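Engineer: Can you read through this structure? Questions will come right after.
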Amino acid sequence: MRLGALEAGGTKMVCAIGDETGRIFEQVSIPTQTPDVTMPKLIEYFKERGVEALGVACFGPIELDRNSPQYGCITSTPKLAWRNYNIVGGLADALQCPIGFDTDVNGSVLGEVTFGQAKGKNCVIYLTIGTGVGGGIYIDGRLLHGMVHPEAGHVLIRKRSDDTYEGKCPYHKTCLEGMAAGPAIEERWGRKAAELADRTEVWDLEADYIAQALTGYILTLSPEMIILGGGVMHQEQLFPLIRQKVTQLLGGYVQAEELEDMERYIVPASLHDDQGIMGCLELARREIAG
């Protein structure tokens, strides 16, 4: 199959051509501007390459209910030019091919369970921690949607007593994104995360908040693997701290083989930052397969 992949992000649109095995033949990046500017470029790229189907993993929130008149729309995004924009409809009308559609983080978890380290597992969480925090959840062969779709980055966490920062999220202040995303790190400490690599107090606090969230996910969803991606997680010193703190927070309550080897349970992404694009290829394949 000749499949298209579109990882639609708030700052860039990554377009690629590949096949059902996850092979990527070519890949380009187009800046995310307004729909009037960006969409014609996306359409031209895929039209010229004659794809059989297109998989789209999109920034959100988005409407995933196929019975809704808003299906395929980007809904209440802070990127006002894209609010209530029907991205699936626009692409389908122009390309006349099946369009698979889901959130950007669901695309990433689908890439990992189809082609990466999570292959064969029934319940996997992919959490990206960067400019924002988002979570993709795969359960029993399906991506979790539910009422809307998971907003795992906005779970509320307990603020540590020595942290005077009020929180960055305009909706919840002290949710995970408000306390642990890249902009929160920069505002709290006055420097970007990449410039704070040698500050142990920064990463101890960061690991504390991430571990709180992961403990909640473990107790509610019982995942067989948790994958952490995004720019903040390029600080590899976070992983042992997070694993240690999750173990402490669980307090021995959950007994499972996976938790006995935390280095293989809470892990970095495995597909060289292509997990999102590879997930899009699988979205396209699934759309053809029905």
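The values are calculated or read from the model by the stated rules, or taken from the named source; none is laboratory data. This one's a predicted model, so the numbers in the text were calculated from it and none came from an experiment. Note: ideal-geometry Cβ built from the backbone for every residue, glycine included; neighbour counts use all protein chains shown. The area values use the complete protein model at the heavy-atom level, side chains included, leaving out ligands, DNA and RNA. Shrake-Rupley method; radii C 1.70, N 1.55, O 1.52, S 1.80 Å.
Engineer: Starting from the eigenvalues of the Cα gyration tensor, five times each then square-rooted, give me the equivalent ellipsoid semi-axes of the range 1-150, largest first, whole Å.
Structural biologist: Over the Cα atoms of the range 1-150, the semi-axes work out to 22, 19, 15 Å.
Engineer: If you don't mind, there's one more thing I want to ask. For the range 62-168, would you read off the P(r) tail past 19 Å as a percentage of all alpha carbon pairs? Don't jump to the answer; show the numbers that get you there.
Structural biologist: On the way: 3176 of 5671 pairs.
The proportion of pairs with Cα distances above 19 Å equals 56 percent.
Engineer: For the chain, what are the per-bin percents of Cα-Cα distances with bins 5 Å wide, up to the bin holding the maximum?
Structural biologist: Over the chain, the share of Cα pairs per 5 Å bin runs 1, 6, 12, 17, 18, 16, 13, 9, 6, 2, 1, 0 percent.
Engineer: With all protein chains present, how much of the accessible area of the chain (probe radius 1.4 Å) comes from carbon and sulfur, to the nearest whole percent? Mind dumping the intermediate values first?
Structural biologist: Details: 6580 of 13440 Å².
Exposed carbon and sulfur together represent 49 percent of the surface.
Engineer: Could you order peptides 130-138, 114-122, 276-284 by the average number of other Cβ atoms within 10 Å of their residues, highest first? Intermediate values should be presented prior to the final figure.
Structural biologist: On the way: 130-138: 24.2, 114-122: 17.1, 276-284: 29.6.
Highest-to-lowest ranking by the protection proxy: 276-284, 130-138, 114-122.
Engineer: Report, ordered by chain and residue number, the lysines lying within cross-link reach of Lys119, taken as a straight Cα distance under 27 Å and ignoring same-chain residues fewer than 8 apart.
Structural biologist: Here the lysines satisfying the reach criterion relative to Lys119 are Lys245.
Engineer: Taking a probe of 1.4 Å, how large is the accessible area per residue of the range 52-173, in Å²?
Structural biologist: Details: 5650 Å² over 122 residues.
Per residue, the range 52-173 has 46 Å² of solvent-accessible surface.
Engineer: List the aspartates and glutamates whose Cα lies under 16 Å from the Cα of Lys47, skipping any in the same chain that are fewer than 8 positions away.
Structural biologist: Glu26, Asp93
Engineer: Provide the descending list of Cα extents for the range 138-182 along its principal axes, expressed in whole angstroms.
Structural biologist: 42, 18, 18 Å, listed from the longest principal axis down.
Engineer: Any idea what angle helix 200-221 forms with the longest principal axis of the chain, computed on alpha-carbon atoms, 0 to 90 degrees, nearest 10?
Structural biologist: Helix 200-221 sits roughly 70 degrees off the main axis of the chain.
Engineer: What angle, in degrees between 0 and 90 and rounded to the nearest 10, separates the Cα long axis of helix 238-250 from the longest principal axis of the Cα atoms of the chain?
Structural biologist: Between the helix axis and the principal axis of the chain, the angle is about 70 degrees.
Engineer: Now a separate question. Of Lys12/Lys168; Lys12/Lys159; Lys12/Lys192, which pairs sit farther than 27 Å apart, going by alpha carbon to alpha carbon?
Structural biologist: Working: Lys12/Lys168 23 Å; Lys12/Lys159 33 Å; Lys12/Lys192 20 Å.
In this structure, Lys12/Lys159 lie more than 27 Å apart at Cα.
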